[in-house]
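See below for the structure under consideration.
The values are calculated or read from the model by the stated rules, or taken from the named source; none is laboratory data. Since the structure is predicted, the reported quantities are computational estimates derived from the model, not experimental observations. All Cβ positions, glycine included, derive from the backbone under ideal geometry; neighbour counts span all protein chains shown.
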Amino acid sequence: MDYSNSTRTVTTGPANDTSEIQRPVISDTAAQARAHLKAQARAPQNRVNRKALGHILQAVDIFATMILTVAGAFALSGGQVTEVAAGELLPLLAFAALAPGLLVVARLYRIEAREVSAYRVLSAFIATGLAGTAVTAFAHLTAPAATDLVAMFALTAVGALTLLHVIYAGFIRHWARAGRLARNVVLVGATPNARKLIMSNAGSGTVNVVGIFDDRKSRSPSALGGAPYLGDTNDLFSWPLLHEVDRIILTVSPKAEQRVQMLLSKLRALPHSVCLLLDLDNFDPAETSLDDIVGVQAARMSGAEERFGHLLAKRMQDLVLGSLLFVAALPLMGLIALAVKLTSPGPALFRQTREGFNGRPIKVLKFRTMRDDPKAQDGPIRQVERDDPRVTRIGGFLRKTSLDELPQLWNVIMGDMSLVGPRPHAPGMRTGGKETSKLVAEYAHRHRVKPGITGWAQINGSRGPLHSPEAARERVRWDLDYIARASLWFDLWIMARTLPALLGDKINIR
């Protein structure tokens, strides 16, 4: 699982910047300096994805627990694992189930840059120690004669899992110091307290303030605490690095109520979490971490709170079901690839740039269904039409049956997509001659989850190209309804209904 992004880094500025706010000077030199600051705005280099890292650590713990359980059964049976008594085996299986669960309860898979290494190790020791104590007591009831052996197994397993978390703590501390666990943040509003926040959090390794946006250009700084001024909120919407941002923080005065409402209304169109930070009289930037900004002074105004358990379960569902489906579909995909190659010149597969989670560009795999035209890759994407002459004979069959989407199972396994979610659209996709994102105010909200191979909109009839604003609004409505109701059972229900919905659809162009 890939959990890093190859992007460049920007520091949050020197600690000796004592000016309250650097006012812009109307000159060519100032304009050039601001352009230079814009060019320097980058996300941290080789940033580690915290969620993915948490998933990996949990998988390693589960695998290690399974190995320890097998080794314990081997030791109890004297090398004859198949002959171990049920009363002796049950405590070992109980440990294999209980220890990973208690580690989750201890929240050891929520990776934080400000984590205290000793706290992680102590928490791991307590969680696994409780599991070890419980199974030893259990063994006293099920296999009294083997209690000492089970206790020795529990002691060994607790020590091994605690040692693993010592190693984890070392890596996390190293990455935190290097700034690789930092969240990318942009501030909207160049207020004095915004500058103080940047300065007091500089070098913490928890956040990377990529830049400042402010609509009031006349009072906007060329830099605030070392973070560059990148333009107004309109510039934010078209900013090419927006997909690398984890959170948008709106810093305003509580007295500017009308301006606050205007900015919030504008920023809600973005898929990112938006937090409101008020410049209150009792606000102390030195005591506030941007990494924990949703507190007394800040309130989440837009974007759903992340549910770690749901995200983990959905990723496991994608990995398990996606891998099984991919292996099962390999023979069919081989035949399709051969048919595509034999019926028209060009590659069997092609990659197309689509918008993924938070609008990040991803490369989506598909079987080629149109005549190969390398020049078409450089121009604007033209949506398929009924009886489109570009579609090959085998391509028409693949599109009608949606078999051309099968290679996207690989995108699911790699983590770019999910089995269920809003369908990935191309950047700048147009509907009726206009950009679709400009036709529907909530369009960007569909990027708050990973795109999927199938989705709630698709089984409700919204499939294929969008040719009218009404069709675009309907699809976004279904996508947002899915995001609001998302659960594993809902995903399974959508998957179960996908094939009948596709076979019964004779209307939509695909």
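Here is the figure for segment 108-128: residues that are buried (at least 19 other Cβ atoms within 10 Å of the Cβ) and assigned to a loop (DSSP other than H, G, I, E, B) total 4.
Whenever a residue of segment 330-350 is closer than 17 Å to Arg399 by Cβ, its partners that are surrounded by fewer than 15 Cβ atoms within 10 Å (Cβ to Cβ) and modelled with pLDDT of 90 or more, lying with C-beta atoms within less than 9 angstrom and at least six residues away or across chains, give the pairs Ala348/Leu338. Within the span defined as segment 171-180, every residue fails to be farther than 20 Å from Asn49 by Cβ, within 28 Å of the chain's Cα centre (by Cα) and touching a residue at least 24 places away in the same chain (Cβ under 8 Å).
For segment 353-381, a residue qualifies if it is at pLDDT below 60 and either in contact with an Asp or Glu (Cβ under 8 Å, 6 or more places away or on another chain) or not in a helix (DSSP H, G or I) (or both), and the qualifying residues are Asp378, Gly379, Pro380, Ile381.
If you check Gly225, Gly189, which single one turns out to be over 16 Å from Asp246 (Cβ atoms), crowded, with 24+ Cβ neighbours inside 10 Å and modelled with pLDDT under 75? Outline the logic, then answer.
On the way: Gly189 fails: modelled with pLDDT under 75.
Going through Gly225, Gly189 in turn, the sole match is Gly225.
Restricted to segment 310-359, and to residues there that are among the β-branched types (Val, Ile, Thr) and surrounded by 12 or more Cβ atoms within 10 Å (Cβ to Cβ), the residue that is nearest to the chain's Cα centre (by Cα) is Thr353.
Just one of (1) within 24 Å of the chain's Cα centre (by Cα); (2) at pLDDT below 75 fails for Val420. It is (2).
Matching residues to (1) surrounded by 15 or more Cβ atoms within 10 Å (Cβ to Cβ); (2) out of contact with any strand residue (DSSP E or B) (no Cβ under 6 Å at 6 or more places or on another chain); (3) of a type in the set (Gly, Ala, Ser):
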| site | (1), (2), (3) |
| --- | --- |
| Arg430 | yes, yes, no |
| Tyr443 | yes, yes, no |
| Lys450 | yes, no, no |
| Gln458 | yes, yes, no |
| Gly464 | yes, yes, yes |
| Ala471 | yes, yes, yes |
| Asp479 | yes, yes, no |
| Ile483 | yes, yes, no |
| Leu488 | no, yes, no |
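Just checking, which of Ile494, Ile459, Ile483 is under 24 Å from Lys363 (Cβ atoms) and assigned by TED's automatic domain parsing to the domain that holds Arg354? Give the steps one after another, and end with the answer.
Numbers: Ile494 fails: under 24 Å from Lys363 (Cβ atoms); Ile459 fails: under 24 Å from Lys363 (Cβ atoms).
None of the other options fit; the residue is Ile483.
Annotation note: Cβ proximity below 9 Å between a residue of segment 241-252 that is assigned by TED's automatic domain parsing to the domain that holds Ala190 and farther than 8 Å from His272 by Cβ and a residue that is among the acidic types (Asp, Glu) and at pLDDT 80 or above (sequence gap 6+ or interchain) occurs for His243/Glu355. The residue that is surrounded by the fewest Cβ atoms within 10 Å (Cβ to Cβ), among those in segment 388-417 that are in a loop (DSSP other than H, G, I, E, B) and within 29 Å of the chain's Cα centre (by Cα), is Ser402.
Taking (1) modelled with pLDDT of 75 or more; (2) closer than 30 Å to Ile172 by Cβ in turn, Asp235 satisfies each apart from (2).
Each row is one residue, and each column tells you yes or no for (1) within 24 Å of Asp61 (Cβ to Cβ); (2) exposed (fewer than 15 other Cβ atoms within 10 Å of the Cβ); (3) in contact with a Cys (Cβ under 8 Å, 6 or more places away or on another chain); (4) at pLDDT below 90.
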position: Leu130; (1), (2), (3), (4): yes, no, no, no
position: Val150; (1), (2), (3), (4): yes, no, no, yes
position: Phe171; (1), (2), (3), (4): yes, yes, no, no
position: Asn184; (1), (2), (3), (4): no, no, no, yes
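Kindly check whether there is at least one residue in segment 393-401 that is touching a residue at least 40 places away in the same chain (Cβ under 8 Å), hydrophobic (A, V, I, L, M, F, W, C) and more than 18 Å from Gln352 (Cβ to Cβ). Steps first, answer last, please.
So in segment 393-401, the residues touching a residue at least 40 places away in the same chain (Cβ under 8 Å) come out as 393-395, 398-401.
When the remaining residues are screened for being hydrophobic (A, V, I, L, M, F, W, C), the result is 394, 398.
So of that shortlist, the ones also more than 18 Å from Gln352 (Cβ to Cβ) come out as 394.
Yes.
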